[in-house]
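The values are calculated or read from the model by the stated rules, or taken from the named source; none is laboratory data. Since the structure is predicted, the reported quantities are computational estimates derived from the model, not experimental observations. Backbone-built Cβ (ideal geometry, glycine too); neighbour counts: all protein chains shown.
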Amino acid sequence: MECHVRIKLIAAGFLLALALTLSPAQVQGQTMEPRLYSNAPVGMNFLMLGYGYQWGDVLLDPTLPIQDVNIDIHTSFAAYARVLDVWGKSGKIELVLPYAWFSGTGTVLAQEQSRNVSGFADPALRVSVNLYGAPALSFKDFQNYRQETIIGVSLLTTAPLGQYDSSKLANIGTNRWSFKPEAGISQALGRWTLETAAGVMFFTNNNSYMGSKTREQDPVYSVQGHVIYNFRSGVWAGLNGTYYAGGTTNIDGARGNDTLQNWRMGATVAIPFDRRNSIKLYGSTGVQTRSGGDFNTVGAAWQYRWGGGL
């Protein structure tokens with residue numbers, strides 16, 4: 001019984017979307033988030049520390065008017081999550097604090113430019129609740145829990161607190177708020193878990209774009225899917241995919257030709273050391289790209305969990 005509970009806790013781990021901590025660009029719809037709508041004992045806490053690396057045609061904001069982009073981005077992050085009882089349903093509150101540094105080149109108005117910068121990226125806060133199939137449980141009751149179908153909703157918010165220089169096109173912060181409501185379904189089939197989620201991200205205006213210009217952006221619509229296999233040891237591995245579209249910009253009334261319509265694929269492996277510690281390895285790449293997003297990502301994260309009767 002103890003081994004089975006440990007496996008379920010490992011499977012419920014990595015509640016935060018580690019991909020979203022890599023850069024604000026990925027928050028715009030490029031995130032691939034396996035096990036976002038999972039269950040864990042009420043009162044359990046998760047602390048995560050990690051590192052991610054991106055290279056290729058990647059921008060901290062993929063809709064910027066920069067061509068021939070070649071950028072390397074390194075990101076470290078700290079993240080915290082806690083499982084809540086939301087009127088009898090399991091819920092989570094999650095906070096991500098990323099720090100990024102990047103260097104690269106790109107062509108702006110037919111002139112090659114370079115940029116090297118480091119600083120904090122926009123922090124992200126997410127609140128989620130599982131509406132069906134994942135009741136709020138104590139650690140004792142969780143020992144007898146078996147997942148079948150879970151339906152959940154979430155709201156992700158990013159705050160304009162990251163490093164931003166209004167005289168530069170490429171920045172770590174976005175100088176605007178964003179809000180992403182999402183709904184997802186997770187279905188367990190023996191050792192397999194199938195997941196899908198759909199969401200839309202809305203943005204406030206950046207009123208300090210290239211000085212005093214106003215930059216607006218249409219919503220970005222996204223859908224993602226995951227196929228996950230759970231091994232007896234507690235290790236789980238997933239194949240991930242996402243499609244996102246929209247996000248056309250408008251700068252002082254001039255509408256851009258920068259609509260996103262991209263596919264990405266990736267893989268994730270989570271490996272437990274004991275009931276409290278585990279690591280996650282992940283990577284992704286662009287499959288089809290219309291604007292921005294043709295880049296590669298690799299990363300790793302360590303997770304420690306405590307509380308909730310563990």
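Observations on the model:
- Top-ranked residue in the stretch 183-238 [being among the hydroxyl-bearing types (Ser, Thr, Tyr), in contact with a Gly (Cβ under 7 Å, 6 or more places away or on another chain) and within 30 Å of GLY253 (Cα to Cα); ranked as surrounded by the most Cβ atoms within 10 Å (Cβ to Cβ)]: SER222
- When GLY13 is tested against the conditions (1) surrounded by fewer than 24 Cβ atoms within 10 Å (Cβ to Cβ); (2) more than 30 Å from THR249 (Cβ to Cβ); (3) of a type outside the set (A, V, I, L, M, F, W, C); (4) at pLDDT below 90, the lone failure is (1).
- Of all residues in the stretch 278-303, those satisfying the criterion of being more than 19 Å from the chain's Cα centre (by Cα) and either surrounded by fewer than 14 Cβ atoms within 10 Å (Cβ to Cβ) or of a type in the set (Asp, Glu) (or both) are GLN288, ARG290.
- Condition check for THR249 on (1) of a type outside the set (Phe, Trp, Tyr); (2) farther than 22 Å from THR268 by Cβ; (3) buried (at least 17 other Cβ atoms within 10 Å of the Cβ); (4) at pLDDT 90 or above: one failure, at (4).
- In a residue-by-residue description of the stretch 184-194, the property of being in a strand (DSSP E or B), closer than 27 Å to VAL129 by Cβ and touching a helix residue (DSSP H, G or I) at 6+ places or on another chain (Cβ under 7 Å) applies to no position.
- Counting only residues that are part of a loop (DSSP other than H, G, I, E, B), of a type in the set (Val, Ile, Thr), within 25 Å of GLY283 (Cα to Cα) and at pLDDT 85 or above, the stretch 37-74 holds 0 of them.
- Meets criteria (touching a strand residue (DSSP E or B) at 6+ places or on another chain (Cβ under 7 Å) and more than 17 Å from GLU33 (Cβ to Cβ)) for ARG276: yes
- Identity of the residue in the stretch 128-151, over 19 Å from GLY199 (Cα atoms) and of a type in the set (Gly, Ala, Ser), that ends up surrounded by the fewest Cβ atoms within 10 Å (Cβ to Cβ): SER138
- Subset of the stretch 160-181 that is in a strand (DSSP E or B) and in contact (Cβ under 8 Å) with a residue 40 or more places away in the chain - its residue that is nearest to TRP236 (Cα to Cα): LYS180
- ALA124 falls short on exactly one of the conditions (1) in contact with a Ser or Thr (Cβ under 7 Å, 6 or more places away or on another chain); (2) at pLDDT 95 or above, and that condition is (2).
- Entirely in the stretch 75-159, the strands (runs of 3 or more DSSP E) that have 1 or more residues that are farther than 30 Å from ASN296 by Cα: 89-108, 124-132, 149-158
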